[in-house]
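Note sheet for the following structure.
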Amino acid sequence: MGDCWDSGPMTRVILISLGLAILIVALVVGGRALLRGRESPGPFSQAAAEQALHQGVAPDLIYAVEVKGFAIQNMSVGAIGDEGFGALYASNDGRTVQLRIDRGAMTDATCAGTPVTGTGPGAPVRCERDEAGWYRVSGEQHEYVAAHGDHLIRLAGRLQDVDRAILKAAITGARQVTVTSSTGTSPGTGPVPRGDLPTTGDGAPIQNNGPGG
């Protein structure tokens, strides 16, 4: 009889211990999967591209690049200046590369006088022209600049974060992204407001006929 009374609490202890062990294993496995998901590169999402449009980015200035070892951070996608486009690419260990596209032009004569992305005005700039565009170095920053029609594509990072070959390969493969807004309206615009539509009732236009109808 005593054995029966003793086995109950012991069984409950064993079951509770087993349940805790299973829970711990599940948390560890789930945490590792979550970390792997955060580290894996994400594609340029349609939602991020639409957000850029609604911020005023010109559709023809939205580009994507493939930067070896880096993934686009969709939360960073947005407007630069009046209608330019910008995005940040990051590596698993926290290194970053900036993509910027805006209207403008560059020549061999103006290259050295144009600041490198991430540097201030007046900083010395070393320029080198090759088949990909202009390779530019200023202080700890370097970038590639490629001219496409009436706009410039700039891909920049710190010298210690990304090497020249990776920047060159990425900017050579830069491609325009075609974005169609899911709202059915033009980017940055909405229906033209009408002053004769009431905000309450059946929505019929207000008729101001004056006295006597």
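The values are calculated or read from the model by the stated rules, or taken from the named source; none is laboratory data. Predicted, not measured: the structure shown is a model, and the values here were computed from it. Backbone-built Cβ (ideal geometry, glycine too); neighbour counts: all protein chains shown.
Tell me, please, whether a residue that is in contact with a Pro (Cβ under 9 Å, 6 or more places away or on another chain) and buried (at least 17 other Cβ atoms within 10 Å of the Cβ) can be found in the stretch 117-127.
yes
Scan the stretch 43-77 residue by residue and report those that are free of Cβ contacts under 8 Å to residues at least 40 places away in the same chain and part of a strand (DSSP E or B).
Ala71, Ile72, Gln73, Asn74, Met75, Ser76, Val77
Tally up the residues in the stretch 118-159 that are closer than 24 Å to Ala90 by Cβ and small (Gly, Ala, Ser), please.
Count: 9.
Of the conditions (1) over 14 Å from Val179 (Cβ atoms); (2) in contact with a strand residue (DSSP E or B) (Cβ under 9 Å, 6 or more places away or on another chain); (3) modelled with pLDDT of 95 or more; (4) not aromatic (Phe, Trp, Tyr), Glu39 clears all except one; give me its number.
For Glu39, the exception is condition (3).
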